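Can you keep this structure in mind? I'll have questions shortly.
The values are calculated or read from the model by the stated rules, or taken from the named source; none is laboratory data. Here the structure is a predicted model, which means the values were calculated and not measured. When we count neighbours, we look across all protein chains shown, and the Cβ atoms used for this are built from the backbone with ideal geometry, even at glycine. Just the protein is used for accessible areas: all its heavy atoms, side chains included, with ligands, DNA and RNA removed. Shrake-Rupley method; radii C 1.70, N 1.55, O 1.52, S 1.80 Å.
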Amino acid sequence: MNIQIKLFADLAKFLPEGSAGKQMPLAVPEKITIRSVLEQLGIPCKKARLIMVNGVHQRLDDVLQEGDLL
């Protein structure tokens, strides 16, 4: 499935070079958790202090859906 990743402040450095507007698309497996996405991107979970999905606060173990903006 496909989601969008948008990172701010110090976390933006984890996006690949050339990512427009600190955002990028990402193909991930179905039923993936936020924690797993962060690990896949090499982002330490402790650095992700505020996690929003589609503008709503979420927890690390919440599951993402097709088209979500993380």
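From the phi angles alone, apply the Karplus equation (6.51, -1.76, 1.60; θ = phi - 60°) to region 24-34 and give each ³J(HN,Hα) in whole Hz, x where the residue is Gly or Pro.
Karplus-based 3J(HN,Hα) across region 24-34 equals 7, x, 8, 8, 9, x, 4, 6, 7, 8, 4 Hz.
Before I look further, what does the chain give for accessible area per residue, probe 1.4 Å, in whole square angstrom?
66
Ignoring ligands, DNA and RNA, what percent of the accessible area of the chain is carbon or sulfur (1.4 Å)?
With neighbouring chains kept in place, the figure for the chain is 53 percent.
Let me ask another. If the only charges are +1 at each Lys and Arg Cβ and -1 at each Asp and Glu Cβ, what is the size of the charge dipole of the chain around the Cα centre, to the nearest 20 debye?
Dipole magnitude for the chain comes out near 300 debye.
Which net charge results for the neighbourhood of residue 30, defined as the other residues with beta-carbon distances under 15 angstrom from its beta-carbon, given Lys and Arg at +1 and Asp and Glu at -1?
Computed value for this residue: -2.
Still on this structure, I have one more. For Cα pairs less than 8 Å apart in space and 6+ apart in sequence, what is the mean separation divided by the residue count of the chain, i.e. the relative contact order in percent?
Numbers: 99 pairs, mean separation 29.6, N = 70.
Result for the chain is 42 percent.
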